[in-house]
C-alpha cells in the first residue's frame, strides 16, 4: 500500500522511511518502530492508519537494519542515538508531513517507539498530539511534566519492561502538570499490539486500543 521514501532531517541530511497514503489535507501520524526495526509489522501499522484516513510515515531509525532476535534488537536499541532520533529523524518526519499538506501531525509508537513518542511530545514543537504504547523514556531525557500537547497512553498490566508502577508514575507526572491526557490499562502482556508475537498479542486489547487511538486523533487533529 505504501512505499519507501527519503525525507530531509533538520540538519539537512536524509532519512529513509515507509510512507503510506500521502494526500494533501489529511491529518497525519509518524509511526515509531519497536526495537526490532522498521519491519513489515510496523509498515502494516502505517497502512492501517492510512486505511483509517491518515497520512502515515514510519521513519527508519536503524537506517536499514532489522532483526527478529531479541539479543540483536537489544543491541540495536542500546546503540541508538535517542536525541538524534528524536530531534532529527522523527522531527524531520513531522516536518515532511506538514510540508506536504498535512496541517496537523501526531506521533505514535510502540515499546521503544512509545518512549520516543513521549520524548517527541516534549521536544518537537511542530507536533499536535501523541499516542504512546507501553514505553516511557528516562526523565532526564524527556520529563513528561513538560508535555504541552494532548497525549494518550496504552499500558499493560502484565508488563515486566514498562511496568504498571512506571505507568502510574507517568500518570502522576501528567496529573501534576495538568496535562491534557488519557491513559488506559489492559489485562495483557507487553507488546499486546504486535500481531507477530504469538506469546503477547491480544486482539481484543489491541482493537480496543486502536478504537481509542482513532477517536483521540480525529478529535485532536481535526
Legend entry - Residue within the stretch 161-176 that is at pLDDT 95 or above, closer than 21 Å to residue 70 by Cα and touching a helix residue (DSSP H, G or I) at 6+ places or on another chain (Cβ under 8 Å) present: yes
Legend entry - Cross-chain or 6+ apart pairs with Cβ under 8 Å, the stretch 12-41 first and at negative phi and modelled with pLDDT under 95, then in a loop (DSSP other than H, G, I, E, B) and surrounded by 18 or more Cβ atoms within 10 Å (Cβ to Cβ): 24/102; 26/54; 26/102
Legend entry - Any chance residue 215 is assigned to a helix (DSSP H, G or I), touching a helix residue (DSSP H, G or I) at 6+ places or on another chain (Cβ under 6 Å) and either surrounded by fewer than 21 Cβ atoms within 10 Å (Cβ to Cβ) or at pLDDT 95 or above (or both): no
Inset, instruction - Count, please, the residues in the stretch 180-211 that happen to be under 16 Å from residue 50 (Cα atoms) and surrounded by 15 or more Cβ atoms within 10 Å (Cβ to Cβ). - result: 1
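Determine if the stretch 172-182 includes at least one residue that is within 21 Å of residue 32 (Cα to Cα), in contact (Cβ under 8 Å) with a residue 12 or more places away in the chain and in a loop (DSSP other than H, G, I, E, B). Outline the logic, then answer.
Taking the stretch 172-182 as the starting set, the residues that turn out to be within 21 Å of residue 32 (Cα to Cα) are 181-182.
Of the ones still in play, those that are also in contact (Cβ under 8 Å) with a residue 12 or more places away in the chain are 181-182.
Then drop every residue that is not in a loop (DSSP other than H, G, I, E, B), which leaves none.
There is no residue in the stretch 172-182 that is within 21 Å of residue 32 (Cα to Cα), in contact (Cβ under 8 Å) with a residue 12 or more places away in the chain and in a loop (DSSP other than H, G, I, E, B).
Confirm whether residue 49 is over 21 Å from residue 161 (Cβ atoms), touching a helix residue (DSSP H, G or I) at 6+ places or on another chain (Cβ under 9 Å) and in a helix (DSSP H, G or I). It would help to see each step written out before you state the result.
Numbers: over 21 Å from residue 161 (Cβ atoms): yes; touching a helix residue (DSSP H, G or I) at 6+ places or on another chain (Cβ under 9 Å): yes; in a helix (DSSP H, G or I): yes.
In short, yes.
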Legend entry - Cross-chain or 6+ apart pairs with Cβ under 9 Å, the stretch 50-78 first and over 30 Å from residue 221 (Cβ atoms), then modelled with pLDDT under 95: 68/196
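Report, by residue number, each residue of the stretch 121-139 that is out of contact with any helix residue (DSSP H, G or I) (no Cβ under 7 Å at 6 or more places or on another chain), under 16 Å from residue 85 (Cα atoms) and surrounded by fewer than 22 Cβ atoms within 10 Å (Cβ to Cβ). Walk me through how you get there before you give the answer.
Of the stretch 121-139, the ones out of contact with any helix residue (DSSP H, G or I) (no Cβ under 7 Å at 6 or more places or on another chain) are 121, 125, 138-139.
Adding the requirement that they be under 16 Å from residue 85 (Cα atoms) leaves 121, 125, 138.
Once the filter is applied, which keeps residues that are out of contact with any helix residue (DSSP H, G or I) (no Cβ under 7 Å at 6 or more places or on another chain), under 16 Å from residue 85 (Cα atoms) and surrounded by fewer than 22 Cβ atoms within 10 Å (Cβ to Cβ), the stretch 121-139 yields 125, 138.
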Inset, instruction - Would you point out the residue of the stretch 55-89, among those that are surrounded by 24 or more Cβ atoms within 10 Å (Cβ to Cβ) and in contact with a strand residue (DSSP E or B) (Cβ under 6 Å, 6 or more places away or on another chain), that is farthest from residue 34 (Cα to Cα)? - result: 55
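The values are calculated or read from the model by the stated rules, or taken from the named source; none is laboratory data. Source: prediction; values computed, not measured. FYI the Cβ positions are ideal-geometry reconstructions off the backbone, even for glycines, and counts take in every protein chain you see.
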